[in-house]
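Below is one structure, written out as structure tokens, with a few remarks after it.
The values are calculated or read from the model by the stated rules, or taken from the named source; none is laboratory data. Just so you know, these numbers come straight off a predicted model, no measurement behind them. Cβ coordinates were reconstructed from backbone atoms using ideal geometry, including for glycine residues, and neighbour counts include every protein chain displayed. With ligands, DNA and RNA removed, areas are computed over all heavy atoms of the protein, side chains included. Shrake-Rupley method; radii C 1.70, N 1.55, O 1.52, S 1.80 Å.
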Amino acid sequence: MTQPVLDVRNLSTHFPTRRGVIKAVDDVSFQVGQREIVGLVGESGSGKSITGFSILGLVDPPGRVVSGSIRFQGEELTGLPQKAMRTIRGKRIAMIFQDPMMTLNPVLSVGTQMIETVLAHDNVSRAEARARSRDALGLVGIPSPDERLDAYPHQFSGGMRQRVAIAIALLHRPELIIADEPTTALDVTIQSQILFEIKRLANEFSMALIWISHDLGVVAALADRVMVMYAGKIVEAGPVDDVLARPAHPYTVGLMQAIPAAVPRGEPLKPIPGMAPSPLARPSGCAFRDRCDRATDICATPPALDLSEAREWRCFHPKEWRAA
Amino acid sequence: MSVFVIRRLMQSIAVLVVTALIVFLGVYAIGDPIEMLISHDASPAERAQVILSLGLDRPLWQQFFTFCWNALHGDLGRSFVFNKPTITLIFERLPATLELTLTGLVFALALGIPLGLISGLKPNSVTDEAIMTGSILGFSLPGFWQGMMLIMIFSVWLGWLPSTGRGEMGSFLGIHSSLFTLDGLKHLILPAINLSLFKLSLVIRLTRTGVRETMPLDFVKFARAKGISERRIVFVHVLKNILIPLITVIGMELGSMLAFAVVTETIFAWPGIGKLLIDSIMRLDRPVVVAYLLVIVSLFILINFAVDILYSLIDPRVRLGDQS
Ligand SMILES: Nc1ncnc2c1ncn2[C@@H]1O[C@H](COP(=O)(O)OP(=O)(O)OP(=O)(O)O)[C@@H](O)[C@H]1O
Ligand code: SF4
Ligand SMILES: [Mg+2]
């Protein structure tokens with residue numbers, strides 16, 4: 001088997017606070033293969049973004065990666081000094097953020113923000129950096145890219161700004177892109193355009209992609225594999241089609257019943273009852289316990305990881321798989 | 001851009017006219033202009049002549065017109081004491097005040113921005129606490145007391161620096177200033193520090209707050225994710241955003257510095273317009289006071305205008321005229 005682009009093992013990222021330790025990411029392991037598109041799904045606060053930031057070493061203090069290993073193309077990233085980390089960020093692993101209104105600096109021109117990204121990693125002339133920036137803008141479908149380089153973020157619409165962010169991420173043809181809900185803030189038509197565009201580009205440049213979203217529907221349309229995250233843990237993972245056809249974990253089932261498109265016509269949408277637990281007061285054992293309709297006494301102890309072929313889950317009473 | 005400039009210019013002129021009206025009403029309509037503008041020891045013939053030349057026997061609106069007409073021609077009356085046009089008197093003294101104010105401002109910025117950055121980047125560290133404590137002192141100790149302490153320490157006890165007067169003047173590129181001789185510089189240091197301590201504290205706090213507010217923003221994190229160096233993030237991405245509030249406040253404060261120069265100039269016997277004002281008030285030289293008010297207001301307006309232009313250069317979102 002070829003080496004995965006990214007190999008995360010037992011990653012834990014904690015935020016010490018006055019009221020206790022927030023385990024934003026709690027013993028998470030996963031791999032991303034070459035050219036693979038992986039969707040990371042979960043409710044707000046489940047730890048998706050922090051997982052992404054942990055990989056790039058961008059967790060804001062006081063938070064930090066407390067344990068685990070992150071191997072990127074075989075190279076260990078945890079414990080790497082900032083300087084070495086900086087040569088990877090933006091160059092070999094790029095990230096796109098959720099809110100395109102906030103990710104670009106309002107007082108610097110788009111050109112400045114692109115050119116600096118080229119110059120941060122490559123020793124080329126300004127003119128060459130500008131030419132590369134222009135080409136990247138053209139690549140993501142921004143009309144008259146040369147003029148647009150001199151424009152400022154407020155002169156772009158939300159969708160166009162997100163395209164700019166994607167162009168910046170593509171400047172160095174990274175091996176891995178982490179996209180943190182890049183379409184959530186956009187309206188639906190723009191959302192599908194950008195989804196399509198990213199899928200095309202990832203394919204064209206043979207990039208691996210981690211797509212973070214709270215929307216299982218979006219991930220279904222895009223990803224090869226899906227990982228479902230709940231309360232800092234990955235509770236289910238597997239090939240998208242397989243997971244959607246036969247979800248094992250009750251939380252995944254709940255997520256699916258909350259997608260309008262996945263529920264047959266006439267049947268009511270069933271939102272998952274209750275609220276995500278406060279990260280400071282998660283139930284012992286399975287954190288989903290108090291919202292789960294299959295829970296029994298044994299769920300008060302932590303469920304171990306179960307594996308079956310390409311699938312994995314953490315649940316004592318998985319759906320279907322028990323019967324199968 | 002030019003639309004913007006023209007609009008601001010019109011607004012400035014409007015403000016100037018309103019100010020002229022207020023000063024005019026204050027002197028001519030509410031007070032007794034004969035009392036205000038004619039010296040007590042003037043002979044009856046002189047009185048009659050001034051009344052005629054100022055048109056004090058004519059209706060109020062005509063008087064205002066004459067007042068504005070004269071002011072436009074640089075005629076703001078004659079000083080009783082010096083028997084010179086007041087405007088000449090003020091322009092003789094203005095350079096000394098500007099020199100003092102600008103030196104104070106440069107000092108406040110050159111020291112305040114770096115200290116504010118240090119504080120803001122390491123909040124609640126020992127350095128930050130020390131800087132913040134210092135700035136509280138700068139805020140809360142009255143300016144005249146600070147001035148006297150400076151004189152006591154550096155002139156009286158240590159004998160390092162002179163405490164009164166402007167010192168020797170030098171000339172460079174046709175500009176006469178005490179900045180160009182060692183003696184002049186020595187005389188300038190204490191009053192400039194005195195005048196700038198309050199502003200220094202203000203700049204430190206503004207910068208610190210700006211850093212603290214800007215650092216957690218998404219675009220800073222995005223810049224890090226692009227692999228931009230921390231230095232460039234602070235000095236380009238963050239600082240340029242902070243400059244916007246800083247320039248706004250400094251612009252307003254520059255006006256108040258000109259006005260507060262009165263106190264400093266009195267303490268250090270600095271021969272500027274502030275001292276001229278105090279001397280004129282003491283000697284009941286009212287035309288000088290009137291002229292001072294008009295000149296100061298004009299300077300305020302000029303500064304505001306300059307700030308607006310600067311503002312639009314730094315903040316692309318302000319350039320209203322350049323899109324549609
Ligand atoms: N700076 C911080 N200080 C303390 N706790 C934090 C901080 N940042 C994140 N957390 C905690 O980490 C947990 C995971 O946050 P994260 O941003 O990864 O969620 P998410 O899954 O990306 O949610 P969303 O869909 O809202 O983006 C949250 O419970 C949050 O409370
Ligand atoms: S372990 Fe128990 S509580 Fe948790 S999801 Fe499975 S059945 Fe529900
Ligand atoms: Mg998030």
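Sort out which residues of the range A:63-94 are within 16 Å of ligand 1 (Cβ to nearest atom) and in contact (Cβ under 8 Å) with a residue 60 or more places away in the chain, and write them in order of number.
If the condition is that a residue be within 16 Å of ligand 1 (Cβ to nearest atom) and in contact (Cβ under 8 Å) with a residue 60 or more places away in the chain, then A:Gly68, A:Ile70 are the ones that fit.
Return the residues of the range A:27-56 that are open to solvent by 30 Å² or more (accessible area, probe 1.4 Å), farther than 20 Å from A:Ala220 by Cα and more than 10 Å from ligand 1 (Cβ to nearest atom); say none if nothing qualifies.
Once the filter is applied, which keeps residues that are open to solvent by 30 Å² or more (accessible area, probe 1.4 Å), farther than 20 Å from A:Ala220 by Cα and more than 10 Å from ligand 1 (Cβ to nearest atom), the range A:27-56 yields A:Asp27, A:Ser29.
Between a first residue in the range A:1-30 that is within 16 Å of ligand 3 (Cβ to nearest atom) and polar (S, T, N, Q) and a second residue that is part of a strand (DSSP E or B) and open to solvent by 30 Å² or more (accessible area, probe 1.4 Å), which pairs have beta carbons less than 7 Å apart while being 6 or more apart in sequence or on different chains?
A:Thr13/A:Arg64; A:Thr13/A:Val65; A:Thr13/A:Val66
Looking at A:Pro264, A:Pro273 in this structure, which one is open to solvent by 50 Å² or more (accessible area, probe 1.4 Å), at pLDDT below 80 and within 16 Å of ligand 2 (Cβ to nearest atom)?
Unique residue meeting the criteria: A:Pro273.
List the number of the failed condition for A:Ala276; all other conditions in (1) part of a loop (DSSP other than H, G, I, E, B); (2) more than 16 Å from ligand 3 (Cβ to nearest atom); (3) under 26 Å from the mean Cα position of the chain (by Cα) hold.
With respect to (1) part of a loop (DSSP other than H, G, I, E, B); (2) more than 16 Å from ligand 3 (Cβ to nearest atom); (3) under 26 Å from the mean Cα position of the chain (by Cα), A:Ala276 is out only on (2).
Looking only at residues in the range A:97-121 that are at the interface with chain B (Cβ under 8 Å from one of its Cβ atoms) and without any contact (Cβ under 8 Å) to a residue 24 or more places away in the chain, which one is most open to solvent (accessible area, probe 1.4 Å)?
Among residues in the range A:97-121 that are at the interface with chain B (Cβ under 8 Å from one of its Cβ atoms) and without any contact (Cβ under 8 Å) to a residue 24 or more places away in the chain, the one most open to solvent (accessible area, probe 1.4 Å) is A:Met102.
So, B:Ser298, is that one more than 14 Å from chain A (Cβ to nearest Cβ), within 30 Å of B:Leu25 (Cβ to Cβ) and surrounded by fewer than 22 Cβ atoms within 10 Å (Cβ to Cβ) or not?
yes
From the list B:Leu202, B:Leu190, exactly one residue is surrounded by 15 or more Cβ atoms within 10 Å (Cβ to Cβ) and touching a helix residue (DSSP H, G or I) at 6+ places or on another chain (Cβ under 6 Å). Which is it?
B:Leu190
Answer yes if at least one residue in the range A:30-41 is outside any loop (DSSP other than H, G, I, E, B), within 16 Å of ligand 2 (Cβ to nearest atom) and under 14 Å from the mean Cα position of the chain (by Cα), and no otherwise.
Keep residues of the range A:30-41 that are outside any loop (DSSP other than H, G, I, E, B), which gives A:30-32, A:37-41.
Narrowing further to those that are within 16 Å of ligand 2 (Cβ to nearest atom): A:41.
Now narrow it down to the ones that are under 14 Å from the mean Cα position of the chain (by Cα): A:41.
Taking every residue of the range A:30-41 in turn, at least one turns out to be outside any loop (DSSP other than H, G, I, E, B), within 16 Å of ligand 2 (Cβ to nearest atom) and under 14 Å from the mean Cα position of the chain (by Cα).
Does any residue of the range A:133-154 turn out to be within 8 Å of chain B (Cβ to nearest Cβ) and farther than 25 Å from A:Thr183 by Cβ?
No, that holds for no residue.
Would you please name the residue that is farthest from the other protein chains (Cβ to nearest Cβ), looking only at residues in the range A:8-26 that are more than 10 Å from ligand 1 (Cβ to nearest atom) and open to solvent by less than 20 Å² (accessible area, probe 1.4 Å)?
The residue in question is A:Ser12.
Kindly evaluate B:Gly26 against the criterion of being in contact (Cβ under 8 Å) with a residue 12 or more places away in the chain and out of contact with any Asp or Glu (no Cβ under 8 Å at 6 or more places or on another chain).
In short, no.
Name the helices (runs of 4 or more DSSP H) wholly inside the range B:213-304 in which the number of residues that are over 20 Å from B:Thr103 (Cβ atoms) and under 25 Å from the mean Cα position of the chain (by Cα) is 1 or more.
On the way: elements: B:218-225, B:239-267, B:273-282.
Here the list reads B:239-267, B:273-282.
Restricted to the range A:209-240, and to residues that are over 17 Å from A:Thr184 (Cβ atoms) and charged (D, E, K, R), which residue is surrounded by the fewest Cβ atoms within 10 Å (Cβ to Cβ)?
So the residue we want is A:Asp224.
For residues that are open to solvent by less than 10 Å² (accessible area, probe 1.4 Å) and more than 7 Å from chain A (Cβ to nearest Cβ), scanning just the range B:211-222, find the one that is nearest to B:Ala110 (Cα to Cα).
B:Val211
If A:Ser44 satisfies all but one of (1) part of a helix (DSSP H, G or I); (2) modelled with pLDDT under 95, what's the number of the condition it fails?
(1)
Just to verify a result, which residue in the range A:57-93, among those that are outside any loop (DSSP other than H, G, I, E, B) and closer than 14 Å to A:Val25 by Cα, is most open to solvent (accessible area, probe 1.4 Å)?
Only one residue tops the list, namely A:Arg64.
Could you say whether any residue in the range A:129-146 is under 14 Å from the mean Cα position of the chain (by Cα) and either open to solvent by less than 10 Å² (accessible area, probe 1.4 Å) or more than 16 Å from ligand 1 (Cβ to nearest atom) (or both)?
The answer is no; no qualifying residue exists.
Of the conditions (1) within 14 Å of chain A (Cβ to nearest Cβ); (2) in a helix (DSSP H, G or I), B:Ala192 clears all except one; give me its number.
Failed condition: (1).
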